Amino acid sequence: YMFQEDKTPQYMSAYKRVDPRKIEFYFNRPVKDTLTIEPLNFEPVGDWFLFERFTLGDTLFYWIKDSMIYQQDTLKLHLNYLVTDSVMNYIHYDDTLSLVYIEEVTRRRRQKDEEQEKEEFLGLSVDVRRGGRHDIYKKIKIIPDHPVASIDHSKINLFMKEDTVEYPQEFTIIADSLYLRKYFLDHSWEEGMNYRLFIEPDAFTGIYGLSNDTIDIPFQIQYLDQYGKILLSIENVNQQIVIQLLSNEEQLIRKKVSDRNGVVEFPFLGPGKYKLKAIYDDNRNGKWDTGNYLKKIQPERVKYYKGSIEVRANWALELKWDLESDK
C-alpha cells in the first residue's frame, strides 16, 4: 500500500529538426492532452503535417508534407501545451520556437556529385534477421523511414522452402491502429520451416515520393519444443486483476486481465526465471494507479507470487495462486 505518487513536473525536454521534413518534440513524461502548433513564418495550405505519437506518449513527430515548407532553413512556430505549475496543477503554456535545419557543409561538398547520381530509397526496418529464427507466435514488423502513401501488395512475396523448392504463401499486411509507420505481415507459421521474405522495389512508396529497394531475407521459424509455458490457476478473484509476467529483473514481458477464477496461460516463453505480479485494479483501467495522499485515495494493492518460477523448454509449468492468501 506504499504511496508512490507521481510528482514529476511536466515540461518539454528537447526539440529537433535533424531531417528537414520532420519536427521532433520530446517531453520528460507522457504529454497530457494535446499540443497545438501555429506557423509564424509560413502559410500552410490544408493539413500540412502528419502526426506520429510513440508508445510512451512523451515523443511527438510531425512529418511536413508540403515541400515549400520543409525546404525552408528555418521554421518559426508558436506552440501551446500543458505543463505543471509549482503546486502540480496543469496549466496551458505558450512557447515560440525556431527550428533550423543546416546541412553539414563538409559532407555536402564531399558528396555533392555522388548525391546527384545516387538514387535515394525509402528505408524499411524489418524485425526478422537474415538466416535467423523467428518466433512462431509473432507477426513480422515492418517500419518505413517515412510515412507511407501507398503499398503495392503484389510486390510483397512470402515463400516457404522445402528442400530446394519454394512455395508462395498467403499473408496479410496490417497497418497498426495506433502507430503511423508500423505495419505487420501476418501468416500462420509452421514450426521449423524455412521461409523467404522478398520485397520488390516500389512495394512501399512514401509521402515524399521515395520507394524501397529490394529486400530478400531467408529465415526459419522456431521449433515449438524450444518454448515453455506457464499455466497459472488463480483463486479467490473478487474484482478485476491485472496479472503481470515479469523477467527476473522485473521487466514487463506480458500481462493478462481477469475478473474471475480460472487458468491464465502464458505460452511461448523462453527458458529462464520469471516473476508474477498481481495488481488489484480497483478502477478497471488495466494498470497500477499510485493513489493520492491529499485526496485520501489509496494506491492500488499489489501482490507478488512467492514461489520460484523457472520455465524450461518443452515444459508446461502449472502454478496455483490464491490471491486472498498471504502464503
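Details
- Residues that are of a type in the set (A, V, I, L, M, F, W, C), open to solvent by 80 Å² or more (accessible area, probe 1.4 Å) and modelled with pLDDT of 90 or more within segment 53-100 comprise just one, 68.
- In the set (1) part of a loop (DSSP other than H, G, I, E, B); (2) buried (at least 16 other Cβ atoms within 10 Å of the Cβ); (3) among the aromatic types (Phe, Trp, Tyr), the condition left unmet by residue 195 is number (1).
- Residue match in segment 126-143 (condition: part of a strand (DSSP E or B), small (Gly, Ala, Ser), modelled with pLDDT of 85 or more and in contact with a strand residue (DSSP E or B) (Cβ under 8 Å, 6 or more places away or on another chain)): no
- When segment 232-249 is filtered for residues that are more than 19 Å from residue 282 (Cα to Cα) and surrounded by 16 or more Cβ atoms within 10 Å (Cβ to Cβ), the ones remaining, listed by number, are 232, 245, 246.
- Residue among 166, 170 that alone is in contact with a His (Cβ under 9 Å, 6 or more places away or on another chain), among the charged types (D, E, K, R) and either part of a loop (DSSP other than H, G, I, E, B) or modelled with pLDDT of 95 or more (or both): 170
- Of everything listed in (1) open to solvent by less than 70 Å² (accessible area, probe 1.4 Å); (2) at positive phi; (3) of a type outside the set (Ser, Thr, Tyr); (4) touching a strand residue (DSSP E or B) at 6+ places or on another chain (Cβ under 6 Å), the single unmet condition for residue 33 is (1).
- Every residue from segment 250-273 that is more than 18 Å from residue 323 (Cβ to Cβ) and either open to solvent by 80 Å² or more (accessible area, probe 1.4 Å) or in a strand (DSSP E or B) (or both): 250, 251, 252, 253, 254, 267, 268, 269, 271, 272, 273
- Checking each residue of segment 220-231 against the condition of being open to solvent by 80 Å² or more (accessible area, probe 1.4 Å), modelled with pLDDT of 95 or more and over 20 Å from residue 137 (Cα atoms) gives no match.
The values are calculated or read from the model by the stated rules, or taken from the named source; none is laboratory data. For clarity, every value in this text was computed on a predicted model and none was experimentally measured. So basically every Cβ, Gly included, is an ideal-geometry build from the backbone, and we count neighbours across all protein chains shown. Side chains included, ligands, DNA and RNA excluded: accessible areas come from the protein's heavy atoms. Shrake-Rupley method; radii C 1.70, N 1.55, O 1.52, S 1.80 Å.
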